């Protein structure tokens, strides 16, 4: 079966080289107008036991990186809060200089918490193929080709950080095919979900596709979330806002002013299930700095703690 010049073997070996071909890819989500909204990505749960907890941790880290690269959101850190709190405590104890010590009460609050569950994480969800076995080229040589498709699925929940209510739920999935399945790619001790080697596998390609689909679903869900900030103080009509260029606030932006009037607490659990607010005025942004903005009152007299919303 060897052709003249020995061309059959190289051709078959070339056919057995891993070729990753994503089954489908969702287009980029249409950007929504308005300032950047703040989100916190919680560590994903994992319903699939492949790689155990590392699956959820790796996938949530991939989503966080995608959100930070996307540019439409401000991602806040909470997983490393213990380290942040410890550093602030050093300043309080006088262990660091007053000029360099981080101050407490400066963390940006997230308006939405993103939670997810990895519901499917399979390097070979489906597939089959042929094997050109031993003896074909003499001895025990042979070339195996087994078509397979890796599949990753994520269940997402967007949660209002103020009330704990679920804003939206969705599913994101990705898949990638290869002409051969190499189990050793997924069994190495230094193999990490989200790492460089992982991204070179069909499973890694499927995961990246699922993350991009998740980002699109999050952007759509966030369209229903009003951007908000808080009044820091009102000094003789100069209204200071706790958001600036870091959240894409711009001069001329008009914001409605809301004041909390009552919290509705579940008598069974003691959890705040809703917050009643009344519109009490409006402001217009005049100047903007990195983390703050200065506004003037257009209507009403805002006070410290009032909620500002882009409408």
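The values are calculated or read from the model by the stated rules, or taken from the named source; none is laboratory data. Since the structure is predicted, the reported quantities are computational estimates derived from the model, not experimental observations. Here the Cβ positions follow ideal geometry from the backbone for every residue, glycine too, while neighbour counts run over all protein chains shown.
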Next on the checklist: Checking residue 261 against (1) free of Cβ contacts under 8 Å to residues at least 24 places away in the same chain; (2) under 28 Å from residue 169 (Cβ atoms), only one condition comes out false. Which one?
Outcome noted: (2)
Checklist entry - Is it the case that some residue within segment 202-216 is closer than 30 Å to residue 292 by Cα, surrounded by 15 or more Cβ atoms within 10 Å (Cβ to Cβ), outside the structural domain of residue 305 (by TED's automatic domain parsing) and modelled with pLDDT of 75 or more? => result yes
